[in-house]
1. How much length is gained on full extension from Q143 to A31, taking 0.36 nm per residue of separation minus their Cα-Cα distance?
2. With θ set to phi - 60° and the Karplus curve 6.51 cos²θ - 1.76 cosθ + 1.60, what are the ³J(HN,Hα) couplings of region 23-33 in order, to the nearest whole Hz, using x for Gly and Pro?
3. Expressed as a whole percentage, what fraction of the accessible surface of the chain belongs to carbon and sulfur atoms when a 1.4 Å probe is rolled over the protein heavy atoms?
4. Excluding ligands, DNA and RNA, what is the solvent-accessible area per residue of the chain at a probe of 1.4 Å, expressed in Å²?
5. Size of the chain along its principal axes in angstrom, Cα-based, largest extent first?
6. Show that you can apply the helix-only estimate: for the chain, add -39,500 (n - 2.57) for every DSSP H stretch of four or more residues, divide by all residues, and state [θ] at 222 nm to the nearest 500.
7. Roughly how far apart, in whole Å, are the Cα centres of region 122-145 and region 63-116?
8. Can you bin every Cα-Cα distance in region 72-133 into 5 Å intervals starting at zero and give me the percent of pairs per bin, rounded to whole numbers?
Amino acid sequence: MTDRSLSANRWRMLLADVVTAPVIRTVALLALCAAYIQGPLTKIFDFNGALAEMNHFGLHPAAFFAVVVIVFELAASAMVVSGFLRWLGALALAGFTLLATLIALRFWELPPGMDRMMATNAFFEHLGLAGAFVIVAAIDLSQGASK
């Protein structure tokens with residue numbers, strides 16, 4: 001091995017140590033779940049706003065759907081971050097994200113312009129988020145929550 005490959009290998013090992021550290025994993029899982037923690041908290045503190053959101057998307061009865069979404073997002077996020085049935089929480093959030101994206105971000109129905117462009121970007125960002133949750137579930141199922 002050359003000095004260059006040894007140096008690159010050391011950097012790779014150092015990077016692996018950093019990104020696999022438990023605190024980094026926890027922070028990354030919190031970041032992944034951030035919208036699913038912030039959203040329900042916002043709904044709790046502005047329940048009228050939560051009702052308006054449910055009505056806007058045609059979800060009736062609005063109060064029922066608002067409470068279900070609040071409980072679901074907080075519970076599934078807690079599962080992902082804590083490691084308790086992480087795979088189940090991650091897959092549930094992936095499915096929820098896909099469903100909510102199809103309901104809320106119908107960019108193809110908007111006329112060309114800034115609103116359509118913003119909705120298109122958000123739609124594909126949400127697809128990526130759902131994909132990240134599937135990866136979390138796959139890792140958890142293949143390696144276990146202790147890894």
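The values are calculated or read from the model by the stated rules, or taken from the named source; none is laboratory data. The model shown is predicted, which means the values in this text are computed figures rather than measured ones. When the accessible area is computed, the model is the full protein with side chains, heavy atoms only, and any ligands, DNA or RNA have been set aside. Shrake-Rupley method; radii C 1.70, N 1.55, O 1.52, S 1.80 Å.
1. Here the answer is 38.2 nm.
2. Along region 23-33, the couplings run 5, 5, 4, 5, 4, 5, 5, 5, 5, 4, 8 Hz.
3. Details: 6770 of 9490 Å².
Carbon and sulfur atoms account for 71 percent of the accessible area of the chain.
4. Values: 9490 Å² over 147 residues.
Dividing the accessible area of the chain by its residue count gives 65 Å².
5. Answer, in whole Å and largest first: 65, 39, 26 Å.
6. Values: 7 runs with 120 residues, N = 147.
Here the helix-only value at 222 nm equals -27500 deg cm²/dmol.
7. 13
8. In whole percents, the pair-distance histogram is 4, 20, 23, 18, 14, 10, 6, 4, 1.
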